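Asks: Shown below is the structure under consideration.
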Amino acid sequence: MALYSEKVMDHFRNPRNVGVIEDADGVGEVGNPVCGDIMKIYLKIDNDVVTDVKFETFGCGSAIASSSMATELIKGKPVSEVLQLTNKAVVEALDGLPAHKLHCSVLAEEAIKKALKDYYDRNGIEYDKSLFPDCDGCAHCCDQ
């Protein structure tokens, strides 16, 4: 059995939504000092819907694939749905990741949530602080 699924390899070789949104409504950046992965997510939000999303990721193939898949999962979705995205959903959409690479999906979830928090903060929108992780890719995430 291959270490990586066909979907992981496809999103690694042909990542979707790569780039920068210069006038983004929300930007989230997270990094993992243990493995060196860094993800930055840019959101464009109109009428409470993510109308565009881009990412920049410096990291391994699993980090790139997780970023790519996560952006595909949230594009065109209402913010309320985007807030529900979990790293498990990213892993399932990729048809799995090796256990030692699950932290990549955690980073994708956290980068998106950080971008949403940035959007709320920029626009003075009230939000439930419990919806946003305190972790920025700290070492304990690599143990998941």
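Read-outs: derived from the displayed coordinates by stated rules, not from any lab. In this text the structure is predicted, and so the values were computed from the model without any measurement. Note: ideal-geometry Cβ built from the backbone for every residue, glycine included; neighbour counts use all protein chains shown.
Asks: Among 53, 34, 82, which one moves the most in a GNM of the chain with springs linking Cα atoms closer than 10 Å?
Replies: 34
Asks: Something else about it: Using Cβ contacts closer than 10 Å as the measure, can you line up 116, 83 from fewest to most? Intermediate values should be presented prior to the final figure.
Replies: Working: 116 26, 83 16.
Ascending number of Cβ neighbours within 10 Å: 83, 116.
Asks: To test your reading of the geometry: what angle, between 0 and 90 degrees and rounded to tens, separates the Cα axis of helix 61-74 from the longest principal axis of the chain?
Replies: Approximately 40 degrees, to the nearest ten.
Asks: Quote the Stokes-Einstein diffusion coefficient, in whole µm² s⁻¹, for the chain, based on the Kirkwood radius over alpha carbon pairs, a temperature of 37 °C and a viscosity of 0.692 mPa s.
Replies: Numbers: Rh = 14.8 Å.
Value of D from the Cα-based Kirkwood radius: 221 µm²/s.
Asks: In addition: What relative contact order, as a whole-number percentage, does the chain give when Cα pairs under 8 Å and 6 or more residues apart are counted?
Replies: On the way: 277 pairs, mean separation 42.4, N = 144.
Relative contact order, the chain: 29 percent.
Asks: Same structure, new question: I'm a student and want to see the number: the projected area of the Cα convex hull of segment 1-43, averaged over all directions, in nm². Walk me through the numbers before you get to the answer.
Replies: Numbers: hull surface 16.9 nm².
Reported value for the Cα convex hull: 4.2 nm².
Asks: Sorting 117, 88 on the 10 Å Cβ count, fewest up front, what's the list?
Replies: On the way: 117 18, 88 12.
Ranked by crowding around the Cβ, least crowded first: 88, 117.
Asks: Further question: Under a point-charge model restricted to the Cβ atoms of Lys and Arg (+1) and Asp and Glu (-1), what is the dipole moment magnitude of the chain relative to its Cα centre, in debye to the nearest 20? Spell out each step's value before the answer.
Replies: Numbers: 15 positive and 24 negative charges, 63 e Å.
The calculated dipole for the chain is roughly 300 debye.
Asks: If you don't mind, another one. Within 10 Å of each residue's Cβ, count the other Cβ atoms and sort 66, 5, 130, 80 from fewest upward.
Replies: Working: 66 35, 5 17, 130 6, 80 9.
Ordered by Cβ neighbours within 10 Å, fewest first: 130, 80, 5, 66.
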